[in-house]
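The values are calculated or read from the model by the stated rules, or taken from the named source; none is laboratory data. Model, not experiment: these values are computed from the prediction. Every residue, glycine among them, receives a Cβ derived from its backbone with ideal geometry; neighbour counts consider all protein chains shown. Protein only, heavy atoms only, side chains kept; ligands, DNA and RNA dropped before computing areas. Shrake-Rupley method; radii C 1.70, N 1.55, O 1.52, S 1.80 Å.
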Amino acid sequence: MWPDLIKHLQDAELTQAQIAERVGCSQPTIHRLLSGETLDPSFSVGVALIDIAKKLGGITREDLRPDLWPPEPARAKEPLAEEEENSHV
């Protein structure tokens with residue numbers, strides 16, 4: 001999970017040093033998470049990484065932990081506003 005998240009941030013043109021600065025940790029901490037040497041960051045580092053990824057967009061909780069968040073069932077399409085207006089005529 002953490003290597004994928006950090007790769008996503010790097011794809012958004014952030015360096016390890018920039019990620020570390022935004023998270024409030026050291027660049028070696030980011031490197032260890034990226035390499036898999038560290039599997040579990042501190043709570044504050046984990047939350048900060050997720051918050052940065054959310055702000056950048058393009059990543060969801062399902063992307064981070066598909067084992068915890070199965071895909072939601074497809075919803076029925078709601079009628080268009082125009083159709084609703086015409087139905088009252």
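A 1.4 Å probe run over the protein chains yields, for the stretch 2-56, 60 Å² of accessible area per residue, whole-number rounding.
Each label point was placed 7 Å from the Cα along the Cα-to-Cβ direction; for residue 13 and residue 35 their separation is 2.8 nm.
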